[in-house]
Structure formats: C-alpha cells, structure tokens
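S.K.: The structure is given below, and queries will be raised subsequently.
The values are calculated or read from the model by the stated rules, or taken from the named source; none is laboratory data. Not measured: the values here are computed from a predicted model. Cβ placement follows ideal geometry from the backbone for every residue including glycine, while neighbour counts extend to all protein chains displayed. Surface areas here come from the heavy atoms of the whole protein model, side chains and all, with no ligands, DNA or RNA. Shrake-Rupley method; radii C 1.70, N 1.55, O 1.52, S 1.80 Å.
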Amino acid sequence: MLDNNTFVLANFIQNHPVLRERRTYINKYCSVLELYTLRYNGNDETAKASLLNYKKAFGCENSDTVTEALIKSYSKNIVGNRFDFKRFKLFTYRYCLLCDLFMINCFDNKDKAQKILAEIKMIFKERYHPKIDRLFALLYDEVGDAKEFDLVQHQVDCWQKNKRFLEKPEKKILITANMSAGKSTLINALIGKPINRTMNDTCTAKIHYIYEKAFEDHYTHEWDYEVNLNADKEILFEDDKRNKEKFIWVATHFNLSSDHKSRLCIIDTPGVNSAANKDHGELTKQTILNEQYDLLVYVVNAENVGTEDDLRHLIFIKENVPQNKIIFVLNKLDRFKKSEDSISESIENLRRDLISRGFEYPTICPVSSYLAFLYKFEKSGAKLSNVETRILATLKIDFADDEFYDLSKYYSHINAIVADDLLMKSGLFGLEQTILQRS
C-alpha cells in the first residue's frame, strides 16, 4: 500500500533555480536525480512518479535512460561513484540537489536520508560538511535558518509547510447522496477544481479518497492502479480498469475560503439508488458502516425532496450514524424560480420531514454548488467553457442583485466578515464553516 504521507506531499518544482541553466546542464542534473532514485527507491511507485514530474518539468522526460556509465561520461575525474561536482557544476546547486533528493526519496524517512547525505558528503571536502549537516538539521529537525543557504529558501519553505501540514490532525468527511443530487459538483465546489465527474452515467463503483495538500503546487495526484503525480482531467475522470480495488486515492490543494486547523480528506461515495448498478449502493453502505470519519454530509436535491430513495437512505443513515456527525445540504437552489418556489419554505419542509424521521436537531445548509464551483474555478484563473461562462454571468446577476437567492441569510451563526460576497450568497462559505467548526 502507498505511504499516505508521501502521496499527499505538495512539491516545489515550479521556479526551480536549475531551470535557468542550459539544456545540457539540466539533463545532467536530472540524470543525477534519477541515478540516486533508482539506487535508493527503485521499487517505490511514488518516488518514481515524483522523479517523472521533475523530468517533465525540466524537459528531460525523453532524455537517455540513466546509467552510472552515462553519469560518469559527464565528468572526467571520478573515483568509483564520487563525481567531480565542480566540473559537473553540481557544486553550485549542492543544496538544491540535496533538497530534491530528500523530497523524492525520503521526506518522511530520516534514516534513508542520512544514507544519501553520507554518500553526498563524500564528494565534498570536509570544510563543507558542517553546512551540509546544518541543511539536514533544518529539514528534518527544524533547526537553523534557510537564509544561510543559497538558492533553496523556497524549497525549505515548502518542505516546512509540508511538515507542519502533516502534523495537523486529519478530518475525514464522508459525502453521500442519491443520484442527481449534485454531490460531485458540491465536492468540486469545496475543492475549487474539477476533481470528480458530474454525469450520472459515468459513475463507477469506487470510493474516492480525496486528500488535501499543504499548498497549491498545481499538481494533482492520483492512485488508480498506478501512481500519477500529475493527473489531468482526462486521467481523473477515466477509471483504470486494471484497478481491482474498490477505492481510488486523489490528492490536491483545496481552495477553501478560510484557514483551518485540520488536514481534510473527503470520502466520495457512489450514488445509492443507481438502478443499473445495485452494487454502488451496497458499497456506499459498507463504507458508511466500516470507515472511520468525523462527519457525514448528506446531499439533497432541492428540486426533488422526499423521494422514496431518499427515505430509504435516510432510514439507513438514522440507524447507523450518530446524529451529531450529520450535516444535510439542500443543493441546486440556483434552479429555483422566484415566481414559483420558496427557498425558506423548502428548508423548513426538509427540517420538518427530518424531524419526523427521528433527526432531532438537523443541521441544514442551503447551497448552490454549481455557482460556487464556477465562481471558484474562474477565480483560480482557469478557463471556463463558453456555456459555463454564460451560465456564471447569469448566476452572478441573480445572486448579487436578488435577495431571493441570497443564501447567506440562512447562516446567521457564521461570522463572515472577511468572506467573499458571492461565495457567501451561494451558501458555500457557510457550509465550509459549518464543516470546519464541527469536531
């Protein structure tokens, strides 16, 4: 099984100082990274995927397959595995190299890092050893100051953000719904990017564990039979048929509206009422019964409240989940028409129905997840489709100018002084705060 701590690491490849060098040098640098990775982590999927990210970012993915003979050809003065770093110019980037090697191979394995450190130190004269040791202490023991080291302040800062992030307690949020409730859109809205497919006919019987990363590094990770640390939409949306497990792992930065004290994991379960795939509902029920989670978010389609499918699933939830762990989300309220519908009445009707089913004090969060997702996605600088752009423009007008659509008034208990106005009115900010404030 993969090491979760390694899988969720945010990387520091962007703006790497080596990218300023000439192509021949960058190829040499990548080759050294590859040599040490094969030597120390040749069978580790995550390490090899991390190395591949470096090679792609550096434009070296099509370079020659690394061998020790190839490395030796880069330098004239080598005794055994001891490179002449001065001729190789790795002397200039010795601290960058160490940070990269540790990040790829042994972020959470200090013993392995010490072995790599000992080998690297053999290359340099003894007068450089104390400073190299101080970099090691800075990374693994948080002792020292990054300003002492040339070129690596950014790498050290990212390393420490990862380390502090992994020290936070993990909070797991299981999300469940019947089909057509907008569950996948809600998850995409919370995360702020398209992680999940939203078409019902493409749903598969897999549990998706979506892990939060420490900061935005513009890389999304996925394990679905193979590790891919640079998964695009096509990879995320297309399940690998070779994966015989009932789960998929994803890791990405969550674009939440405020800071929080936990590192989050969203557990996305299949729709429980698929007529074509009865095993979806059974898998979801088994996950609800057996998985450890802090909160269960039940998503309800505001256009179709009180169906028989919802009733059956609510009975199961009531019998198997403590009530203080449940949040109900009334979704798709952007589809309501002022002349025909009442948001407040729909909330109260749902509340009365839940109370009649035995939920004594149900927490109900009204949301337009579609508006929130489109708005967050646009704010991130991503390009919307023409249709999405037109829909977002219309929703912005509705929610900005019409009190009917202002969902923030149903979150009077939430302090939203610094929140984005449109995210408040979409209800997403209130939902985020409700989730984050629940223990």
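S.K.: If you check every pair at least six apart or on different chains, which have Cβ atoms under 6 Å apart with a residue in the stretch 109-127 that is closer than 14 Å to ASP141 by Cβ first and a residue that is of a type in the set (Ser, Thr, Tyr) second?
M.R.: LYS110/TYR140
S.K.: Name every residue in the stretch 244-261 that is under 22 Å from ILE288 (Cα atoms) and either modelled with pLDDT under 95 or not small (Gly, Ala, Ser) (or both), in order of residue number.
M.R.: Within the stretch 244-261, LYS244, GLU245, LYS246, PHE247, ILE248, TRP249, VAL250 qualify.
S.K.: Scan the stretch 311-335 for residues that are among the basic types (Lys, Arg), open to solvent by less than 60 Å² (accessible area, probe 1.4 Å) and closer than 22 Å to ASN290 by Cβ and report the count.
M.R.: The qualifying residues number 1.
S.K.: A further question follows. Could you list, ordered by first residue, the pairs with Cβ atoms under 8 Å in which the first is in the stretch 227-239 and closer than 16 Å to SER184 by Cβ and the second is basic (Lys, Arg), at least 6 apart or interchain?
M.R.: Matching pairs, first to second residue: PHE237/ARG197; ASP239/LYS206.
S.K.: Further, regarding this structure: Taking the condition of being modelled with pLDDT under 95 and touching a helix residue (DSSP H, G or I) at 6+ places or on another chain (Cβ under 8 Å), how many residues in the stretch 315-340 meet it?
M.R.: The total comes to 1.
S.K.: Any idea which residue in the stretch 246-266 is most open to solvent (accessible area, probe 1.4 Å), counting only those that are in contact (Cβ under 8 Å) with a residue 24 or more places away in the chain and charged (D, E, K, R)?
M.R.: By that ranking, first place goes to LYS261.
S.K.: Let me ask something additional. Could you run through the stretch 380-410 and say how many residues are in contact (Cβ under 8 Å) with a residue 40 or more places away in the chain and either under 20 Å from ALA181 (Cβ atoms) or of a type outside the set (Ser, Thr, Tyr) (or both)?
M.R.: Result for the stretch 380-410: 9.
S.K.: Determine which single condition LEU330 fails, assuming it passes every other condition in (1) among the aliphatic types (A, V, I, L, M); (2) closer than 26 Å to ILE248 by Cα; (3) part of a strand (DSSP E or B).
M.R.: Only one criterion in (1) among the aliphatic types (A, V, I, L, M); (2) closer than 26 Å to ILE248 by Cα; (3) part of a strand (DSSP E or B) is unmet by LEU330, namely (2).
S.K.: If you scan the stretch 134-156, which residues turn out to be under 23 Å from THR6 (Cα atoms) and without any contact (Cβ under 8 Å) to a residue 40 or more places away in the chain?
M.R.: PHE136, ALA137, LEU138, TYR140, ASP141, GLU142, VAL143, ALA146, GLN153
S.K.: Then there is this: Residue check: is TYR298 closer than 22 Å to ARG357 by Cβ and open to solvent by 10 Å² or more (accessible area, probe 1.4 Å)?
M.R.: It is false that TYR298 is closer than 22 Å to ARG357 by Cβ and open to solvent by 10 Å² or more (accessible area, probe 1.4 Å).
S.K.: If I go through the stretch 357-404 residue by residue, how many of them are more than 21 Å from the chain's Cα centre (by Cα) and either open to solvent by 20 Å² or more (accessible area, probe 1.4 Å) or more than 13 Å from ASP334 (Cβ to Cβ) (or both)?
M.R.: Total meeting the criteria: 26.
S.K.: Which one of the conditions (1) under 26 Å from SER50 (Cα atoms); (2) open to solvent by 20 Å² or more (accessible area, probe 1.4 Å) does GLU212 fail to meet, given that it meets all the rest?
M.R.: Exception for GLU212: condition (2).
S.K.: Any residue that is under 25 Å from ALA49 (Cα atoms), surrounded by fewer than 22 Cβ atoms within 10 Å (Cβ to Cβ) and free of Cβ contacts under 8 Å to residues at least 40 places away in the same chain - is there at least one of those in the stretch 170-183?
M.R.: no
S.K.: Run THR269 past the list (1) in contact (Cβ under 8 Å) with a residue 12 or more places away in the chain; (2) surrounded by fewer than 20 Cβ atoms within 10 Å (Cβ to Cβ); (3) not charged (D, E, K, R) and report the number of the one that doesn't hold.
M.R.: (2)
S.K.: Among the residues of the stretch 285-325, write down those that are at negative phi, outside any helix (DSSP H, G or I), out of contact with any Phe, Trp or Tyr (no Cβ under 6 Å at 6 or more places or on another chain) and not aliphatic (A, V, I, L, M).
M.R.: GLU291, GLN292, TYR293, ASP294, ASN301, GLU303, ASN304, THR307, PRO322
S.K.: Still on this structure, please answer the following. Report, by residue number, each residue of the stretch 113-125 that is surrounded by fewer than 16 Cβ atoms within 10 Å (Cβ to Cβ) and assigned to a helix (DSSP H, G or I).
M.R.: Hits for the stretch 113-125 are GLN114, LYS115, ALA118, GLU119.
S.K.: Within the set of pairs 6 or more residues apart or between chains, which connect a residue that is closer than 18 Å to GLN155 by Cα inside the stretch 17-30 to a residue that is polar (S, T, N, Q) and surrounded by fewer than 22 Cβ atoms within 10 Å (Cβ to Cβ) with Cβ atoms less than 7 Å apart?
M.R.: What qualifies is CYS30/SER63.
S.K.: For the stretch 405-417, give me each residue that is open to solvent by less than 50 Å² (accessible area, probe 1.4 Å) and closer than 21 Å to ILE435 by Cα.
M.R.: Hits for the stretch 405-417 are ASP406, LEU407, SER408, TYR411, ILE414, ALA416.
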